[in-house]
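Report on the structure given below.
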Amino acid sequence: MANPKEKTPMCLVNELARFNSIQPQYKLLSESGPAHSKMFSVQLSLGEQTWESEGSSIKKAQQAVANKALTESTLPKPVQKPPKSNVNNNPGSITPTVELNGLAMKRGEPAIYRPLDPKPFPNYRANYNFRGMYNQRYHCPMPKIFYVQLTVGNNEFFGEGKTRQAARHNAAMKALQALQNEPIPEKSQNGESGKEMDDDKDANKSEISLVFEIALKRNMPVSFEVIKESGPPHMKSFVTRVSVGEFSAEGEGNSKKLSKKRAATTVLQELKKLPPLPVVEKPKLFFKKRPKTIVKAGPEYGQGMNPISRLAQIQQAKKEKEPDYVLLSERGMPRRREFVMQ
């Protein structure tokens with residue numbers, strides 16, 4: 001079919017049959033013609049009504065008789081559901097996150113998404129007073145909802161959804177509604193804009209990367225060490241200590257990665273309090289101007305060189321036009337050809 005999303009006549013017949021609580025029955029009546037060009041006759045029964053039709057295959061005959069039944073049937077037809085509206089209210093296939101990225105680039109403010117821990121459900125208490133399997137059948141787990149924090153410049157938005165991507169789309173939709181009508185901020189000429197860009201870059205980096213970056217600039221050694229591990233195998237708890245020069249901090253989490261990240265976050269607060277490093281200007285490198293290439297046009301130069309290359313080299317040295325070769329004629333047998341060039 002031209003449109004793969006469009007329902008076939010057989011699908012519509014099945015919906016009609018379900019709506020009227022009856023069962024459609026297809027019956028192959030006959031087949032005729034030679035093997036390479038067979039024709040099949042199929043009968044369709046819906047309740048007390050029957051239709052017949054032919055086709056070059058059984059499937060085509062079924063679709064044809066189903067189409068005929070839809071046109072001629074007197075059974076009450078189900079109400080067709082209207083097409084689903086676009087959830088994003090966005091023309092075409094552009095998602096809110098893609099549209100927001102374009103707007104954020106124009107504003108010079110990157111869109112930064114941060115996943116948030118699921119919010120606790122208020123007034124929800126698990127009922128552990130089960131009496132047998134009967135009550136356990138009706139214990140419905142709460143659906144998981146994802147939450148995302150979106151930062152665009154100085155603006156913050158929160159989104160939620162059944163998936164992480166749906167939560168990002170929800171946050172992007174809120175940001176678009178708030179920022180589309182706002183004027184694009186002008187770029188300041190002073191040093192504040194550079195500082196803000198550095199802050200934006202830092203926001204895209206992990207806490208562990210920032211710790212290593214600061215330590216590298218200040219020539220300070222960095223080490224992460226798991227100092228404690230406790231709890232049952234399915235609920236482990238780790239404590240990691242980070243040392244950056246004379247600074248140290250500890251972080252705890254249910255995984256080594258999380259405890260390392262929390263330790264880095266803690267020590268990062270202390271490292272950011274250090275005075276800024278003095279700006280050292282790099283010495284400018286001066287390059288001596290290379291002398292002009294020696295003109296290799298003398299008669300003693302290039303002895304034994306290919307004459308075509310040598311002649312082109314002489315013309316280039318004189319800054320004149322290169323030789324132009326034209327084939328005037330060719331003669332002789334195919335295996336003993338002679339050519340005349342100008």
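For residue 74, state whether it is at pLDDT 90 or above, out of contact with any helix residue (DSSP H, G or I) (no Cβ under 6 Å at 6 or more places or on another chain) and of a type in the set (Ser, Thr, Tyr). So residue 74 fails the test. Restricting 232, 323, 221 to those that are touching a helix residue (DSSP H, G or I) at 6+ places or on another chain (Cβ under 6 Å) and modelled with pLDDT of 85 or more reduces the list to 323.
Based on what the data block shows, is residue 54 of a type in the set (D, E, K, R) and in contact with a Phe, Trp or Tyr (Cβ under 7 Å, 6 or more places away or on another chain)? Yes, satisfied. So, residue 238, is that one in a helix (DSSP H, G or I), modelled with pLDDT of 85 or more, among the hydrophobic types (A, V, I, L, M, F, W, C) and outside the structural domain of residue 96 (by the TED database) or not? In short, no. Figure legend. Inter-residue proximity from the range 270-282: first residues farther than 20 Å from residue 208 by Cα, second residues at pLDDT 85 or above, beta-carbon distance below 8 Å, spacing 6+ or different chains. Indicated pairs: 277/217; 277/218. Scanning the range 102-156 for residues that are at pLDDT 80 or above and assigned to a loop (DSSP other than H, G, I, E, B) yields 108, 109, 110, 145, 153, 154.
The residues on offer are 249, 264, and the sole one that is modelled with pLDDT of 90 or more, open to solvent by less than 100 Å² (accessible area, probe 1.4 Å) and under 13 Å from residue 214 (Cα atoms) is 264.
The values are calculated or read from the model by the stated rules, or taken from the named source; none is laboratory data. Just so it is clear, the structure is predicted and the values come from calculations on it, not from any experiment. Note: ideal-geometry Cβ built from the backbone for every residue, glycine included; neighbour counts use all protein chains shown. Remember, those area values only see protein heavy atoms, side chains included, never the ligands or the DNA or RNA. Shrake-Rupley method; radii C 1.70, N 1.55, O 1.52, S 1.80 Å.
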